[in-house]
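The values are calculated or read from the model by the stated rules, or taken from the named source; none is laboratory data. All values derive from a computational prediction rather than experimental measurement. All Cβ positions, glycine included, derive from the backbone under ideal geometry; neighbour counts span all protein chains shown. Ligands, DNA and RNA are stripped out before the accessible areas are found, and what is left, the full protein with its side chains, is counted by its heavy atoms. Shrake-Rupley method; radii C 1.70, N 1.55, O 1.52, S 1.80 Å.
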Amino acid sequence: MPYVITQNCCKDASCVPVCPVDCIRPNRDSAGTEMLYIDPGTCIDCGACQEVCPVDAIYSADQLPQPLAPFAGLNAAYFDAHPLRPADPPVPPARRTSHPSTLRVAIVGAGPAGCYAATELLGVRNIEIELFDRLPTPFGLIRAGVAPDHQATKNVVRVFDRGLADPRLHCHFNVEIGTRITHADLLAHHHAVIYAVGASAGRKLGIGGEPLPGHHSAADFVSWYNGHPDAADIEVNTSHLRAVITGNGNVALDIARMLLLDPDRLAVTDIADHALDTLSRSMIREVVVLARRGPRDAAFSVGEFLALGDLDGVDIQLVGADDLTGRPGDDVETAAKLDLARSYAARSILPGNKRLVLRFHTEPVELLGPDRVRALRVRETGAAGGGDEIPAGLVISAIGYRGRPVEGLGFDDERGIVPNDRGKVVDAPGAYVTGWIKRGPRGVIGTNRICAAETVAALLSDFDAGLLDREISDRQALGELLTDRGITEIGWPGWLSIDAAERARGAQVSRPRRKFVTVDSLLGSALSRST
Ligand code: NAP
């Protein structure tokens, strides 16, 4: 039986080069699809792709778990629309340099973008990498963004384990760049600096009532349930029957599931203790997800939309979805979303169940208080006038993320990115960017692999051309600088110590881990052994 790629696909394309019959697509520029697909007519069932998939998204067709069964049809449909033909080879790793010196690179941000950049650079023989993160923990959004019920996605960190323990790479966690250590400091100690700092701010709706208690950005809410130290103290009100989420991207669906899932399902994940406690006592019975456009333009991916259909005790109701008919020329994923929407619309709604309302063609107008959020006023997108009110005690804006300015570099305020040319920062010699701060908040974890390859290629080309040649201080001097500035840094062994302690705490209650959620407790755990 052929193999099938399913919901968790991270698009990092580890599977593509190992396929002996080259039947996984798209293989070079996967920006145009939400996931990768295997051609069932060409697959020879060798299982090589399954072995290397970092997120366990690939199954033999005869072993597909029932909820993932529709992915067999989706993989096949992709190749009906795009018959397999010889394709460009995957993006070659940019790993060669003819320069005689050892290249010293600082990477700022140890999330997926920074980790893929480090992995790419480790292909260079003479390399020294210093990897910084402002938190005592690595992995950025893999730890603090991926929803707790998507544990398999978090396994992507296995791809980085060997690289981060490589003796040519040194981790400096709990070190914030831009405050006590500046961009100029990094340039004095490295040939190049790669910023992989993501897009950590939530975008603003720009409507009245946004500052009211009870309204949160998705950036804050997701950080809260994932135990990010910045969000551990947020108060989340779950004492009302209804919550509203504006925006219908994958983050909105993640949040909707967190609010609707049975607490027993959350209790077997690595969700933060405080969030598990709050959500276990939740009164919320209905979550409304508001989209300003129609179902064919929905921002969620077909895989995540499909998974909604299997939430125990949760009915899906579509409101304002008047345009569910497919059109000639619809791409495979749009057609699949419309098919699914029609099937959800045909399901019956049971009175005792919780409800996920997907409301389309509706825009938020104003959050209503007075002292805290009591309702959201909405109207048909583009209509004049006041519209209607949706009573709710909790409103979350999941309308996308935004990068923050980086000390020492220019900033494109409109796009929320550092201006760059294929990763090379404009007007800032020696500075490079990768991930969301380079291209904006789009794409899944594995998208960062190709993004990092492009940035590293630009960096190596500059190094070879002599553009990065200058006197720099060595890593001993960097260590002295960190000590002089009074910084308590956590190295890779310190993270391993945190990791082991969190897993041990989790094992006691049959959970994958119980996270430490304050910087002090993380430092205490890291420093209790070695750093
Ligand atoms: P997103 O996919 O860009 O979705 C943003 C949503 O907000 C869209 O529905 C957008 O509507 C809406 N929106 C924007 N401005 C608005 C406004 N002023 N008023 C009302 N609605 C507004 O962003 P995201 O959900 O934050 O996801 C970010 C990236 O992470 C995406 O690439 C996503 O696929 C990825 N991600 C993936 C997963 C997964 O694979 N499981 C999980 C989480 C995140 P319009 O479409 O009309 O602009």
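In table form, for the structure just shown:
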item: Estimated [θ] at 222 nm from DSSP helical runs (n ≥ 4, -39500 (n - 2.57)) normalised by residues in the chain, nearest 500; result: -8500 deg cm²/dmol
item: Overall dimensions of the range 364-470 by Cα: Rg and Dmax, Å; result: 21.1, 63
item: Pairs beyond 29 Å (Cα-Cα), from K337/K515; K204/K438; K354/K438; K337/K424; K424/K515; result: K337/K515; K354/K438; K337/K424; K424/K515
item: Fraction of alpha-carbon pairs over 40 Å apart in the chain - percent; result: 25 percent
item: Cβ-derived FRET efficiency at R0 41 Å, V52 paired with V426, nearest 0.05; result: 0.65
item: Angle between the chain longest axis and helix 250-260 axis [Cα atoms, degrees, rounded to 10]; result: 60 degrees
item: Taking the C-alpha atoms of the range 62-157, convex hull volume expressed per residue in Å³; result: 166 Å³
item: Cα centre as origin, Lys/Arg/Asp/Glu Cβ charges: the range 283-437 dipole, Debye; result: 280 debye
item: Global geometry of the range 192-289, whether rounded, prolate or oblate, following the gyration tensor of its Cα atoms and the 1.5 cut on a/c; result: oblate
item: Long-range HN-HN contacts of Y195 with modeled amide H, under 5 Å; result: V108, Y432, V433, T434
item: Amide H contacts of N420 (H built 1.01 Å from N, under 5 Å, at least 5 apart or other chain); result: V426
item: Two-decimal log10 I(q)/I(0) for the range 110-168, as the Debye equation yields it once each C-alpha is a single scatterer, q = 0.17 Å⁻¹; result: -0.57
item: Solvent-accessible area per residue, Å², over the range 434-531 with all protein chains present [probe radius 1.4 Å]; result: 47 Å²
item: Cα gyration tensor shape for the range 409-467, rounded if a/c is under 1.5, else prolate or oblate; result: oblate
item: In sequence order, calculated HN-Hα J values of the range 152-165 (Karplus, 6.51, -1.76, 1.60; Hz; x Gly/Pro); result: 4, 4, 5, 5, 4, 4, 4, 4, 9, 3, 5, x, 6, 9
item: Distance histogram in 5 Å bins (all Cα pairs of the range 310-422, percent per bin); result: 2, 9, 12, 12, 14, 15, 13, 11, 7, 3, 1, 0
item: Karplus (6.51, -1.76, 1.60) ³J(HN,Hα), θ = phi - 60°, over the range 327-337, in Hz, Gly and Pro reported as x; result: 10, x, x, 4, 6, 4, 6, 4, 4, 5, 5
item: Convex hull volume per residue for the range 240-332, taking Cα atoms only, in Å³; result: 113 Å³
item: Options T518, I399, T483, ranked by Cα towards positive dipole end of the chain, top entry (Cβ charges); result: T518
item: The range 130-170, dipole about Cα centre (Lys/Arg Cβ +1, Asp/Glu Cβ -1), debye to the nearest 20; result: 40 debye
item: All Cα pairs of the range 88-246, percent lying beyond 20 Å; result: 60 percent
item: Distance in nm between pseudo-label sites at D80 and A504 (7 Å out along the Cβ direction from Cα); result: 5.5 nm
item: Distance histogram in 5 Å bins (all Cα pairs of the range 422-531, percent per bin); result: 2, 10, 12, 11, 11, 17, 17, 11, 5, 2, 1, 0
item: Amide H partners (placed H, <5 Å) of G208, local residues excluded; result: L367
item: P(r) histogram, all alpha-carbon pairs of the range 357-419 included - 5 Å bins from 0, percent; result: 4, 14, 18, 15, 12, 12, 12, 9, 4, 0
item: Whole-Å distance, taken between Cα centres, linking the range 365-438 and the range 305-328; result: 26 Å
item: ³J(HN,Hα), Karplus 6.51/-1.76/1.60, whole Hz, each residue of the range 279-290, x for Gly, Pro; result: 6, 5, 9, 5, 9, 5, 10, 9, 10, 9, 9, 9
item: At 0.692 mPa s and 37 °C, Stokes D of the range 1-79 from Kirkwood alpha-carbon radius, µm² per second; result: 270 µm²/s
item: Translational diffusion coefficient (Stokes-Einstein; Kirkwood radius from C-alpha pairs) of the range 94-140 at 37 °C, 0.692 mPa s, in µm²/s; result: 292 µm²/s
item: Label-point separation in nm, D413 to I44, each point 7 Å along Cα→Cβ; result: 5.9 nm
